[in-house]
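Inspection log for the structure reproduced underneath, given as C-alpha cells.
The values are calculated or read from the model by the stated rules, or taken from the named source; none is laboratory data. Keep in mind that this is a model prediction, so the values were computed, not measured. Quick reminder, even Gly has a Cβ in these numbers, built from the backbone with ideal geometry, and neighbours come from all protein chains shown. Heads up: the accessible areas ignore ligands, DNA and RNA and are worked out on the full protein's heavy atoms, side chains in. Shrake-Rupley method; radii C 1.70, N 1.55, O 1.52, S 1.80 Å.
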Amino acid sequence: MANKEKLFSEFQAPTTQEWLDKIEVDLKGADFQKRLVWRTNEGFNVQPFYRREDLANLKTPDALPGEFPFVRGNKKDSNAWYVRQNIVVDDPAEANKKALDILMKGVDSIGFRLGHAQLSADYIETLLKDIRLDIVEVSYRVCQRHALQLADLLVAYFEKMGYDKEKIVGGLGFDPIERMLMKGKDTTMLLPNMPTLVEKLKDYPRLRCVMVHSDLLNNSGAYIVQEMGYALAWGNEYLQQLVDAGVDADLAASKIKFYMGISENYFMEIAKFRAARLLWAQIVKQYEPKSDDSCKMIINASTSTYNQTLFDSYVNLLRSQTEAMSAALGGVHSMVVTPFDAPYEKATDFSERIARNQQLLIKEESHFDRIVDPSAGSYYIEHLTDALAQEAWKLFLKVEDEGGFLAAVKAGTVQADINATNEKRHGDAAKRKEFILGTNQFPNFTEKSEGKQPLAVDCSCQHTGDADVPALKISRMASDFESLRLTTEKAAKVPTAFMLTIGNLAMRQARAQFSCNFLACAGYKVIDNLGFKTVEEGVDAALEAKADIVVICSSDDEYAEYAVPAFKYLNGRAMFVVAGAPACMDDLKAAGIENFIHVRCNVLETLKEYNAKLGI
C-alpha cells in the first residue's frame, strides 16, 4: 500500500484547462466545438471528456441502490431481471405447451397475448396448466374491453390453486390510450373501468394492471427524451385519474407498469432508465404515498423494431444485443429481445432461441445480474442521466401545462411530434446522416430477398371506420430502402453498375468503394476494377460486361481530363455517373453530364431517380 501511495504521489493530476490546452494543440487550429462536442437529438451537448468536477452539483451520485428516488435501481442486493418471451395465443393448449417448453430453456417471464380469445375458466386453466405462477412471472394482454372479465377469471384461478397472493408476479395489460395512439380510435369510454380493475387486483401487490406502453413511441421513431417525457405524462395521467376516482395513492402507483423500448444509443439508453426512475419517483411523491416503495418505477424493456432490417437481417442481432446490454445495465425489471426476423416473418423456433440466449449470454456468462447499478460513478453516464432528466422533465411539464397526456393525445400533439421525428429520421437515413448498417451503409452486395416481404404492424384489437384522433405512423427506418431494393429485384433485369477506375490510385479506389456501397443500396449488381489506362479501355470493358451504369472514379483534378472524353465515347450506351462533386462540375454539366454521386447526396432519392431512368 505504501508503494502505491508513493507511486500516485509522484504524478501531478492535470487540470481541465491543461487537458483543453493539449486538445487545442492536437486539433491544429480546428474548432473544438465543431469537431469534438456532440449536439444530441435530445437537445443537449455532450463533451468529449468529463471529470469529477463536472458532477459537483449533481445529486445522482449521492443516491443509494434500492432507496428513493431509485435512480440507482429498485434493488439493493443484485441487478437480476426477468428474461421474458411473449407468446401470441391462438390456441390455449398450444400456447401452454410452448410456455412450458421455453420455461425449461432459461425464460422466467411469459407474456401471453390473448387477442380475441373466448375467455372462460376452462380457457384460463388450459392456458396456465402446470405453470407455477408463484415462481414464474406471467403477464396477459387482451382486448381492452375484456380486461375486467380476464381479471375475474385470473383471481378465481389463483384462489382455486391456492396461491400465496404475495408471490403472484406479473401484469394485466390495461392501456386504452395505447389503442388511441396506434389505431386512432377513441377508447376513453373504457377509462372508468380502471379503478374497478385496480380494486379487483388490490390483494395482489406484485400483479400490476395499468400499463404505459411507451415502447410504441420508440418503435415509431421517437427520440429518447420524447419517449421518456411522454411516458411520464402518460403514467401520471393514469395515476391522477385513479386518485381522483378515490383509489389510494399507494395502491394506484403500485398498479402501474411501464413498457419501454430500447434504441441503439448504448450509453444514453443506460442513462434513460436511470433518469426515468428518478423522475417517476418524484412524480409519485407529489401524491403523498405512505411508502417510498410506491414510488418505484417497474419497467419491462423491449429491444426496438424501428431499426431492424429485412436485408442483412443477422445484423439485427448486433443491434438487439447492445440494446439488451443497455437495459440490463440500466436496471430494468424484465426484458424482451425482439427476434431478428421480426420485420419479415413470424418468429421461428431458431430466432426465438437466439433471442432468449442473447439475454442468457449477458446474464449467465457476463454476470450483468450480479452488480447493482454498474454504471454508477461514470462521469459520462451520470452527466447523461442528469441531462436526460432535465430535458424529459421539460417535455413532461409542457404536456401537463396543456391539460395532461390524454388531452394531448386527443388534440393530436403527441402524434404530430412523434410523426415529425419519424419523418425526420427517415429523411436522415435517406441522406445517410443516420446509418443503418447493411441497408443504407455497407449493404450486402449479393443478397436477395428470397421472397421475404415486410410484415404489417399487428394490433390485436380490430377497428373499423374513420379515425377519431390522429394515429402514429409506424414505419421502420429501413423500410424506404427496402421498398426500393425489392422493386429493383422485381425488374426484368437487375441493373449492373461498372466502376471505370482511372488516374490517381488512392482516389479512384476510395471513390469506387464509395460508389459500390452507394449503388448496392438499390440492389444493383456492382463491378469494381483495379484501373484502366485510358477511358476508352474502361468504357469498352463496361460495355462488354453489359453495364447499365458506368461510374467514372478518379480524383477531382483528373475529372477535367477524363470525364468528358469518357462520356462522349460512351455515347449514351449506358447511364454515365461521376463519383464525387469536383470543382469542375459546372463544366461537366455543360458538356451534358448530369449524374453525380457524393456524400451530400440524398441517396434514396438519387437511387429512385436512377431506377426511373432505367425504366424500373
* Asked: Of all accessible surface on the chain at a 1.4 Å probe, what whole percent is carbon and sulfur?
  -> 51 percent
* Structure fact -> Full extension between residue 448 and residue 370 adds, at 0.36 nm per residue less the Cα distance, a length in nm of 23.8 nm
* Asked: Tell me, what is the 1.4 Å probe accessible area of residue 599, in Å² to the nearest 10?
  -> 120 Å²
* To do: Treating the angle as unsigned and between 0 and 90°, give the value, to the nearest 10°, between the Cα long axis of helix 413-430 and the longest Cα principal axis of the chain.
  => 30 degrees
* Asked: Which of the lysines could a cross-linker bridge to residue 59, judged by Cα under 20 Å and excluding same-chain residues fewer than eight apart?
  -> 75, 76, 272, 285, 296, 394
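Report, in deg cm²/dmol and to the nearest 500, the calculated mean residue ellipticity at 222 nm for the chain, where each DSSP H run with n ≥ 4 adds -39500 (n - 2.57) and the sum is divided by the residue count.
Helix-only estimate at 222 nm: -13500 deg cm²/dmol.
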* **Exposure ranking of 60, 348 by accessible area [1.4 Å probe, largest first]** => 348, 60
* Asked: Where does helix 16-27 land angle-wise versus the long Cα axis of the chain, in degrees 0 to 90, nearest 10?
  -> 30 degrees
* Under the Karplus curve 6.51 cos²θ - 1.76 cosθ + 1.60, θ = phi - 60°, whole-Hz ³J(HN,Hα) for region 281-289, x wherever Gly or Pro sits -> 4, 5, 5, 4, 4, 5, 8, 6, x
* To do: Mind ranking 331-342, 146-157 by how tightly packed they are, going by the mean number of other C-beta atoms within 10 angstrom, highest first?
  => 331-342, 146-157
* So what are the three principal axis dimensions of the chain from its Cα atoms, in whole Å, longest to shortest? -> 86, 70, 48
* Structure fact -> Taking a straight Cα-to-Cα line shorter than 27 Å from residue 160, and setting aside same-chain lysines fewer than 8 residues away, one finds 97, 98, 129, 200, 202, 255, 257
* Structure fact -> The answer for the net charge of residues other than residue 318 whose Cβ lies under 13 angstrom from its Cβ, with Lys and Arg +1 and Asp and Glu -1, is -2
* What length, rounded to one decimal in nm, is gained on full extension from residue 605 through to residue 467, with 0.36 nm per residue of separation minus their alpha-carbon distance? -> 46.5 nm
* To do: Find, to one decimal place in angstroms, the Kirkwood hydrodynamic radius of region 282-350, where the mean of 1/r is taken over every pair of different Cα atoms and then inverted.
  => 14.2 Å
* Calculated FRET value between residue 21 and residue 56, using beta carbons and R₀ = 25 Å, to 0.05 -> 0.70
* Structure fact -> With a Förster distance of 41 angstrom and the Cβ-Cβ distance between residue 161 and residue 286, calculated FRET efficiency to the nearest 0.05 equals 0.60
* Structure fact -> For residue 589, the lysines lying under 19 Å Cα to Cα, once residues fewer than eight places off in the same chain are dropped, come out as 568, 613
* Between helix 224-244 and the chain: long-axis angle, C-alpha atoms, 0 to 90°, nearest 10 -> 20 degrees
